[in-house]
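Remarks on the structure that follows.
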Amino acid sequence: MSRFRLQPTHSQERVLLQHCAHARLVWNLAVEQHAFWTPGRRAAPGFTEQCRQLTQARAESPWLAAGSVIVQQQALTDFARAMANFFAKTHRRPSWRRRGRGEGFRIVAVKTGDVRRVSRKVGEVKVPKVGWVRFRWSRAVADGVKSYRVTRDRAGRWHVAFALAPGTGDMVGVDRGVVVSAALSTGELLNAPTLRGTEKARLLRLQRKLARAQRGSNRRGKVKTAIAKLKTRETDRRRDWVEKTSTQLAREFDLIAVEDLKITNMTRSAKGSRTAPGRGVRQKAGLNRGILANGWGQLVARLEQKAPGRVVKVDPRHTSQRCSACGVVDRGARESQAVFRCRSCGFACNADVNAALNIRFAAGHAVTARGGPPLGEPVNREPQRDLLSL
């Protein structure tokens, strides 16, 4: 998925905001229909029934009828996919969408010619009811765009993300760690960027200065602002790395296997209470900072958004202790953080890459068990059905 900065005019922005409002309304109505459903009672309406209800609502509401039916029906499609992921126990239950948060809509079945290049740095995308909207051509847009999503952040900036279906049939395992941010089963070791050495030294000086500053003073406020700027710089670099890495994986591989980690539980504080204080609190706090600094959750979240239905989560047990060559589980085979040497077959490999190979192998069995294609064969991607034909 490639993300670009949109440059709509004032009149186009009004229509885009209306599209966001329509998509949010349709989504929230679908959530409301399923929110009060309980097993044993009458089933909540499905996708086909919701499309029929949408047609009736458009006939009764001029405001809704003025919008794009493609945008509104696609919101129902996204909700149906979200409910399917919820029942498959891979995602949480779909929740309400609030105004100003996560604003956006998706367009599928993009025709050839709906995306074009105007000049060296300017491109255009055709949006229903809006027309041609310009965006900054910061990098090449690959051929075969199937869909795109228009989003608006809290700062009021518009973006468009083009989705592609690679269809290579390849699978990759991704092992997330603290020393190595992401190790791939192909042998690549990827690290999220952090602050440079001079920036870390300056951050340490500022934190010491903050500890000595008087609370409520102007000096303390200036120091906190300087610290926030350094932290924001680190956050922006990590976010940029997550975007580039997730885009690369979504483009090159059909199936992406990751461990099903409970990051919220893993980063929970160990300090305990006064009556029952925790043990190794400082070490646990350092581990928590390392996990969050490597963007474990952000990477998987962006992969699920850029490659929907192509991210497989596997059981994380014994992935770092099992030999990817013979399958023997041996805790002593990991000699150090980076070295894995099997004492049964003699296989030696980078420990993180060995874990990534085990994740890929486990995901291959999981896909085959669900009735998917065997490992190494292309994933069958049939074109999405036109919603207007329902």
Exercise for the section: Quick one: count up the residues across segment 185-216 that are part of a loop (DSSP other than H, G, I, E, B) and of a type outside the set (A, V, I, L, M). Expected result: 11
Problem - Where MET171 falls short, out of the listed (1) modelled with pLDDT under 90; (2) over 25 Å from ARG317 (Cβ atoms) - result: (2)
Exercise for the section: Report whether or not ALA59 is touching a helix residue (DSSP H, G or I) at 6+ places or on another chain (Cβ under 6 Å) and either assigned to a helix (DSSP H, G or I) or not charged (D, E, K, R) (or both). Expected result: no
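Scan segment 128-158 residue by residue and report those that are in a strand (DSSP E or B), aliphatic (A, V, I, L, M) and under 24 Å from the mean Cα position of the chain (by Cα).
Going through segment 128-158, the residues in a strand (DSSP E or B) turn out to be 131-136, 147-152, 158.
Now drop any that are not aliphatic (A, V, I, L, M), which leaves 133, 150.
Of everything in segment 128-158, just one residue is in a strand (DSSP E or B), aliphatic (A, V, I, L, M) and under 24 Å from the mean Cα position of the chain (by Cα), namely VAL150.
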Practice task
Check whether at least one residue in segment 304-327 is surrounded by fewer than 18 Cβ atoms within 10 Å (Cβ to Cβ), touching a helix residue (DSSP H, G or I) at 6+ places or on another chain (Cβ under 9 Å) and assigned to a helix (DSSP H, G or I), and report yes or no.
Solution key: yes
Practice task
Could you please find all residues in segment 93-113 being free of Cβ contacts under 8 Å to residues at least 24 places away in the same chain and farther than 19 Å from LEU29 by Cα?
Solution key: LYS111, THR112, GLY113
Exercise for the section: Check ASN294, ASN265, ASN288 and return the single one that is surrounded by 15 or more Cβ atoms within 10 Å (Cβ to Cβ), without any contact (Cβ under 8 Å) to a residue 60 or more places away in the chain and within 23 Å of ALA192 (Cα to Cα). Expected result: ASN288
Exercise for the section: Give TRP96, TRP132, TRP27, TRP63 a once-over and let me know the one that is assigned by TED's automatic domain parsing to the domain that holds HIS159, crowded, with 19+ Cβ neighbours inside 10 Å and hydrophobic (A, V, I, L, M, F, W, C). Expected result: TRP27
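Okay, residues lined up against (1) free of Cβ contacts under 8 Å to residues at least 60 places away in the same chain; (2) within 23 Å of the chain's Cα centre (by Cα); (3) over 30 Å from GLU259 (Cβ atoms):
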| residue | (1), (2), (3) |
| --- | --- |
| HIS22 | no, no, yes |
| LEU29 | yes, no, yes |
| GLU32 | yes, no, yes |
| ALA35 | yes, no, yes |
| GLY46 | yes, no, yes |
| GLY67 | no, no, yes |
| ILE70 | no, no, yes |
| HIS91 | no, yes, no |
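The values are calculated or read from the model by the stated rules, or taken from the named source; none is laboratory data. Please read all numbers here as calculations on a predicted model, not as lab measurements. Quick reminder, even Gly has a Cβ in these numbers, built from the backbone with ideal geometry, and neighbours come from all protein chains shown.
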